[in-house]
Each structure stands twice: as structure tokens, then as C-alpha cells.
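Participant: For reference, the structure I am asking about is given below.
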Amino acid sequence: MRSLVRAFYRANQALKQSTTVYMVVVASLVGLIAGYGAVGLRLMIRWFKAWIWDTPGLPDEAFDLLLWVQGLPWWWLVLAPTVGGFVVGLLVHYGAKEAKGHGVPEVMEAVAIRQGRIRPRVVGVKALASSLCIASGGSVGREGPIVQIGSAIGSTIGQILRLGPRRMRTLVGCGAAAGIAAAFNAPVAGALFAVEIILGDFGVPQFSPIVISSVVATVVARHFLGDFPAFEIPAYSLHHAGELAAYAVLGFLAGITAIVFTRVLHWSEEGFERLPIWGPLKTTIGGLAVGLLAVGVPQVLGVGYEAMNTALTGQATLLALLGFLGAKLLAVCLTLGSGGSGGIFAPSLFLGSMLGGAVGVAVDHWFPGAAPPGAYALVGMGAVVAAATHAPITAIMVLFELTTDYKIILPLMISCIIGTLVMSRLHKESIYTIKLKRRGINIRAGQDVDLLRSIPVREVMRREPAVAAPGDPLLPVLQRLYQGEDDCIYVVDKGGRLTGVIALNHLRSVLEDLREIQELLVADDVAVAEWPAAQAGDTLDRVVRRLEQGYRDELPVLEEGRLVGVVHVSDVLDRYRREVFKHQMADTLAGSLPVGSSEETPVRRVGDNLMAEVDAPPQLVGRTLAEADFRARFGVNVLLVKPPARPGQESAPHAPAADYRFQLGDRLVVFGPPEAVRRLRVV
């Protein structure tokens, strides 16, 4: 047996050399298994529904569960989600805590700080918990669980094949794309969801395998479930160009709705987290609250596609639509806040359909002859999803693939973009990232110019720039420019204040006109007075933006108007490369550190520097990484932070952003000269 395993890994190692073909094959495998996983989850939901609600036979997609439960006694509607919540709480508490909630933030966290590693057990626990939660009436969607299950499948395959961090993340994206594609019968939207939300990277090496995985999963889903849309899509038509103003208003309202949804869900999660009771009791309380709400508004039970169809077909009144919107928002927050397992994608579609339907009813009342309310409900679905997730491209493509109607694109784009702008302007975090922000994880930290955000310009500036006095003869100054390495000479007065800049590129065009009187000129005659400059207190990200705006190769650094140095593009790029290396090293280290462990790691030597894990100095508690200024104070760089574990949660190491605020119990992985590291360990 061992010989077979060794042969497998030798063959696997050899195949890895053909990067493109290898990733295509592995991505296809992920799509295939994730597609079967999506089909399996939907079948499990049907089985649990038949058992819990005593339906006649196994309910198919056309079965109207909403109509069925309205004929059941009230206590059944209360008991089913209550008991279901208790069982889901047990599964999550003892099986895999990552299965709690809507799943996508956990996938994003795995990609950002765990090298794409997700525990294999998440597949089984998430499938059981989510299918039971949805079938018993939990007010959540099935798309989030399918995404997390697909991502866990991709991660598990990557771990079995011993892939590196970059390929592992790509396979997680493949699994996420396969999940969305199989859930909505939308392969393009699935691929865009993975690159826009999960990975945040549209690079071809990542995008190609993701597309292949998405297509394979769609083929599997269509084979078993058929090529049918999830909703009753109304025929769409734009009756008058003036209706675009109504769609713009719908986009604005969708942005506000997404903000309210995100904030209420956040408050609900925080409120239940503070309750000093056993986890399964929290989910039981949430299920009981949803059940009591369902006695009056049964439309809140489960995914809610049946209720969405009433909005899409224009069969609901204005008051009913607004009532369903408010009740569903509350039910979703109770289910997920208490620790239930399910997604927020379908609830966002639900809220959007009700909001859009209400706007459509109002438009039809005031402007007879406009598009039917169902058309506004359809656009509203995309607008709320776009705003809540900060992913307008994905939302647009999901709705387009559901309708396959080009006529919907223009109003859909208007509403989705306006909704996203309103949400991102008034609420920085999306419904996915706010959960990570609460854990102290900035999902976008460390990307591009943000790597330079905490580095002061003083650390890279050259402190002896080429200078000249205003009255210096021009010809010697020119000789210094032509013969030296500097492209600029800075003209300063006796007090060291910058009065102008003589730049070689600028002089070439000027000297042609002044050739005959060059010997009579002084430095101040040709110096440019208005020249962009950096301030001594600036960080390198600001310097980069000023260099880009002025198309300069260097900038003078001023302190209260006096010249104290100069910063070159080459120095900034060199520092950027060093920061990238450190973040890559931190990324690799994060994947190897045991999650939740408080054991001290040994000191490691990396070249002439040391890397070690230490306690955060007590005097820094409550201060941000930028305020602490580790480089200046301690002479080391902070690669990772491991916050103290909260009750019922694991502590994951991550690369901190400049605005990360230290808390009591933080563990730091630092990198720097041996003496500096030893001093910090003593502190």
C-alpha cells in the first residue's frame, strides 16, 4: 500500500511540471465533485423536508412548500425550526465551528490567511447542518453552503495533492465557482463570483481553471436537475426611457436596504455571541423566534423561492411586499445570528424581489403603462445582492444568465451600480467582510500600495540630496547634472528652505532658448518654483501617488519647508519588493502555524535576521500598528498577529493592516536583527 502511495505522489510531482494541463485536469476534478456535492445538498434538503413537514412523497423543485405548510397546525410551524435549530447547533458545536453562519466569510478567511486550507470535515458537517437548517424552516439560502462545500472540496483535493499556496487558493476558487454555477445554472456568474469575491484576482492563471471548474459543475447539475431557472422569470420590456429614473431610485433604495440588512445581521451576531449560554441553546432560541414569526408570515420559512415567485409574477400587494421584506430580514438575522447554518445570497435575492416589486407597484400606480412590477422585482434582486456583497459584476451576470434577455441589462446595470455605490459609500464593509472585520481581519490588507501604508518616507529617503544656492552660477550646476548620477538639483536658501528645483529633463527644452546668455545666469533663474514634494511625516503610499500624479522619478522631502532629503522611485520599488517578500513569508508561516495554539514557536534564522513569536508589549495594547511604529521603536517588523481566542472560536494568525489595534493576549511573529528580536522577547 505504501508503495502505491509513493508511486502516486511521484507521478503527481512529475505532472505538476506541466502547469497548465495539470491545473486544467485538477480543476475539472474539483468541478465534477463539487457539482455532485451541490446536487447532493439539494437532494438532502428534499429528504429532510419530506420527513419534517410530512409531505406526500419526496418534494421536487415544483412542489409549493409554502402552500403546504399553511395547512398545518400552528405548533408544527413553531416546533420544526426550534428542533431543527437545536440539532444544527449540536452539529456545528461538536462537528466543525466553521459550518456556523453563511460560510463565504470563512472561505475568504481561508484564502487570505490560511493559504486556502479548509478542514475536510467541513464538507460533511456543512452539508448536514445547512440542509437540516433550510429544510426545518431556517430562513437562509442554500447557495452559501454550496459555495463553502465546493471550496472545502477544492481545498481537500489540493491538500491531498500537496499543492503550494497559490494553487491551493485557485482550487478553493474553483470550488466556490462550481457551487454558484450549479446552484443557479449560471457558469459565467459562478466564475465571476470566485474571482470578484473569493479571490479578488482576475489574473489569467487563476481565472482559466475557475472557468473550467464552473462549466463542469454546471454540466453535472443540468444532467441531474435539468436546465431550468430557479424562479418564474417574467417577460421583460422597457416601455419608456424615463423608466430608467425609476430604476435609479430602485438602486438607491437597494443600497439602503443592503446597509440595514448588513447592520442588523451584524448586531444580531454580536448579540447572540454575548449570551453566556451553550451554543446549541442559542440556535434553539433563534429557531423558536423564527417559528413564532412564521405563524403570522409563513413566507419567511426556508429559502423563500415560492414567495419570490409571487413578487416576480406581480401577485402581491404593496403592503404585503413591504411586510414580507421586513419579516424576512428579521428572520434571516435571527437564524444566522443565533448560529444557524445557511447562506445570505438567496435572502438578499428575496429582499431585492420584495423591494423591487414594491417600487414596481408604486410606479405602475403613478405611471400606468410602465413595465410590470415583476420586472422591477427582477432588477431589485440583482441590486440588493450587488450592494450587500460589493460585487456588481457577479450580480449582473447571475440575473442575466437567469433571464438570458439582453433587454434587462441596461436597467440592471443602473440599479446594481447605484446600489453598490450607495452601500460602499455609507458602509465600507460588505456583508461578507464585516464578519471578518469583527475578528480583526482586514481581508484586503497587504495588497498593492497598502503594503507601503505603514512605512514612513524617512526610512527610504536619501538624506544628502544634490543642492545649490540660489546665486550659484548656472554652468557649474549644469556640469554637476551632466556628470553626476542625480537628475535634479535642489535650490535652497541659507535657512535650508527649498526655493526651486533644477531638473535635467526640464532644462533640455529651456537651454536652447538661453544658449547665448548661459554664462550670465544663476541657479535661481532656471529653477522651477512649483514642484511636487513629500512631507517628512508622509508614508510611502502617499509618496507613490504623488510620483504617479507628477510623472516624476524623485521627490524632495520637506519638513516645515526645509529640505531634509529626497526619495527616488527605485528606492520605493526596492522597499516594495522587500515588503512583498515579507508578506509572502508571513503568508507561508500563517499556513504552518497551529490555529489557536498558544505554544511559543522556536526562533528561526532567516539569513542575517531572526524570526520569533513573542507576546505583544503591554504598553502597546489599544494602539494601532501604525501608531506603535515597531520599526522605529523596536527595530523589527511584525509579520503576523495571533489574537486571543474567543469562547467557542479559534484564533487564526494573520498579517495585520496598519490600522490593526493591539489587544491584550496578542501573540506576534516578528522579523529583524538578532539583538532587536532578543530585546523584544525580554520585554
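Participant: Can you find a residue that is in contact with a helix residue (DSSP H, G or I) (Cβ under 7 Å, 6 or more places away or on another chain), within 17 Å of GLY190 (Cα to Cα) and not polar (S, T, N, Q) anywhere in the range 354-375?
Facilitator: No, every residue in the range 354-375 fails to be in contact with a helix residue (DSSP H, G or I) (Cβ under 7 Å, 6 or more places away or on another chain), within 17 Å of GLY190 (Cα to Cα) and not polar (S, T, N, Q).
Participant: With respect to ASP571, is the statement that it is at negative phi, at pLDDT 80 or above and of a type outside the set (A, V, I, L, M, F, W, C) true?
Facilitator: So ASP571 fits the description; yes.
Participant: Go over the candidates ARG119, ARG162 one by one and state the one that is basic (Lys, Arg), in contact (Cβ under 8 Å) with a residue 12 or more places away in the chain, more than 14 Å from VAL26 (Cβ to Cβ) and outside any helix (DSSP H, G or I).
Facilitator: On inspection, the qualifying residue turns out to be ARG119.
Participant: Anything in the range 418-475 that is surrounded by fewer than 22 Cβ atoms within 10 Å (Cβ to Cβ), in contact with a strand residue (DSSP E or B) (Cβ under 8 Å, 6 or more places away or on another chain), modelled with pLDDT under 80 and in a helix (DSSP H, G or I)? List them, or say none.
Facilitator: The one that is surrounded by fewer than 22 Cβ atoms within 10 Å (Cβ to Cβ), in contact with a strand residue (DSSP E or B) (Cβ under 8 Å, 6 or more places away or on another chain), modelled with pLDDT under 80 and in a helix (DSSP H, G or I): LEU452.
Participant: Go through the range 298-326 and report how many residues are buried (at least 21 other Cβ atoms within 10 Å of the Cβ), touching a residue at least 60 places away in the same chain (Cβ under 8 Å) and not in a helix (DSSP H, G or I).
Facilitator: Within the range 298-326, residues that are buried (at least 21 other Cβ atoms within 10 Å of the Cβ), touching a residue at least 60 places away in the same chain (Cβ under 8 Å) and not in a helix (DSSP H, G or I) number 4.
Participant: Can you tell me which residue is farthest from GLY343 (Cα to Cα) among those in the range 383-407 that are buried (at least 24 other Cβ atoms within 10 Å of the Cβ) and among the polar types (S, T, N, Q)?
Facilitator: Within the range 383-407, the match that is farthest from GLY343 (Cα to Cα) is THR394.
Residues checked against (1) farther than 19 Å from VAL78 by Cα; (2) of a type outside the set (A, V, I, L, M, F, W, C):
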| residue | (1), (2) |
| --- | --- |
| LEU281 | no, no |
| LEU293 | no, no |
| VAL297 | no, no |
| GLY304 | no, yes |
| ALA311 | yes, no |
| GLN315 | yes, yes |
| ALA320 | yes, no |
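Participant: Which one is modelled with the highest pLDDT, of the residues in the range 240-280 that are among the aromatic types (Phe, Trp, Tyr) and crowded, with 20+ Cβ neighbours inside 10 Å?
Facilitator: So, considering only residues that are among the aromatic types (Phe, Trp, Tyr) and crowded, with 20+ Cβ neighbours inside 10 Å, the one modelled with the highest pLDDT is PHE261.
Participant: Suppose we keep only residues that are among the aliphatic types (A, V, I, L, M) and buried (at least 17 other Cβ atoms within 10 Å of the Cβ) within the range 627-641. Which one would you say is farthest from the chain's Cα centre (by Cα)?
Facilitator: Among those that are among the aliphatic types (A, V, I, L, M) and buried (at least 17 other Cβ atoms within 10 Å of the Cβ), it is VAL636.
Participant: If you don't mind, there's one more thing I want to ask. Somewhere in the range 36-46, is a residue under 27 Å from LYS435 (Cβ atoms), among the basic types (Lys, Arg), part of a helix (DSSP H, G or I) and modelled with pLDDT of 85 or more?
Facilitator: yes
Participant: Of all the residues that make up the range 558-577, how many are free of Cβ contacts under 8 Å to residues at least 40 places away in the same chain and either buried (at least 17 other Cβ atoms within 10 Å of the Cβ) or among the hydrophobic types (A, V, I, L, M, F, W, C) (or both)?
Facilitator: 2
Participant: Please tell me if ARG678 is modelled with pLDDT of 65 or more and either surrounded by fewer than 16 Cβ atoms within 10 Å (Cβ to Cβ) or closer than 30 Å to TRP278 by Cα (or both).
Facilitator: Yes, satisfied.
The values are calculated or read from the model by the stated rules, or taken from the named source; none is laboratory data. Only a predicted model underlies this, so the values are computations on that prediction, with no experimental measurement involved. So basically every Cβ, Gly included, is an ideal-geometry build from the backbone, and we count neighbours across all protein chains shown.
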